[in-house]
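To start, the structure under review is shown below, and the notes come after it.
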Amino acid sequence: MSEPGQEADARTLQKLRAEADRVKQGGAPSAPREAAREPEESRLAGLAAGIGSEGTRKLRLPERNDTVHVDTVAMKVTGLEASHSVKGGSGKVGLGLTTEELFLRVELITQNVGPAPAPLSLDGVKVTDAKGQAYPLARDAQAVAGTKPLPTTWAPEQRMELVLLFEVPPEAVQDDGLELVVKGSGGDVRIPLR
């Protein structure tokens, strides 16, 4: 037997999905209720159903997008996107995560340019904003999105495309001081994102 709160959540989600389907078929979006502060669960359910969300937004790359070296691994940012939701990748059909914040998707091309294997763990990789606030890797989003496992060692000349996902507040993606921080053997290496 389900509890009353679960039934209400299920009805709310069903209504939101019906509204999203109606809008997709050409109907006009319903007017928002006045002065009623919607509960967090309702807002998340709406974002999950695609209501009130802009979808995935491609973000401009930094003006100077130089290749950066973390030890002997060369890294270059090739794409930036922000969205409220991530959907399951191959083999994870139907799975997804939604946040009121934004998932920042950072795409990188990497290559070990040294003559020997390069140990480099991306476990501590993070994004920082101009205020110094740090946002760690969103491991749950990485898993749901089906991204490639993050390597811990690059073979000589190994080239790999990586996708890193972070959960950040919306104002952080507009911040010119946004940086990707990767820990190398000599300390933190900062890669400008905005």
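Brief remarks on what is shown
- Three-way shape call for region 151-194 based on the alpha-carbon gyration tensor, with the a/c threshold at 1.5: prolate
- With every protein chain in place, region 125-190: carbon and sulfur % of accessible area (1.4 Å): 48 percent
- With 0.36 nm allotted per residue and the present C-alpha distance subtracted, the Ala18-Val181 stretch has 54.5 nm of extension available.
- Among 115-128, 68-81, the peptide with the highest mean count of other Cβ atoms within 10 Å heads the list, and the full ranking is 68-81, 115-128.
- Shape of region 73-194, Cα gyration tensor, a/c cut at 1.5: oblate
- Residue by residue, region 178-188 carries 3J(HN,Hα) couplings of 5, 9, 8, 10, 10, 8, x, 5, x, x, 6 Hz when phi is fed to the Karplus relation 6.51 cos²θ - 1.76 cosθ + 1.60 (θ = phi - 60°); x denotes Gly or Pro.
- Annotation for Arg190 and Ile109: the two label points, set 7 Å from Cα along the Cα-Cβ direction, are 2.6 nm apart.
- Rounded accessible area per residue of region 51-163, 1.4 Å, Å²: 54 Å²
- Flagged links, alpha-carbon separation over 20 Å, of Lys126/Lys183; Lys87/Lys183; Lys76/Lys131: Lys87/Lys183; Lys76/Lys131
The values are calculated or read from the model by the stated rules, or taken from the named source; none is laboratory data. Everything numeric in this text was worked out from a predicted model, so none of it was measured. Positions of Cβ are generated from backbone atoms using ideal geometry, with glycine treated the same way; all protein chains shown enter the neighbour counts. Ligands, DNA and RNA are excluded from the accessible area calculation, which covers all protein heavy atoms including side chains. Shrake-Rupley method; radii C 1.70, N 1.55, O 1.52, S 1.80 Å.
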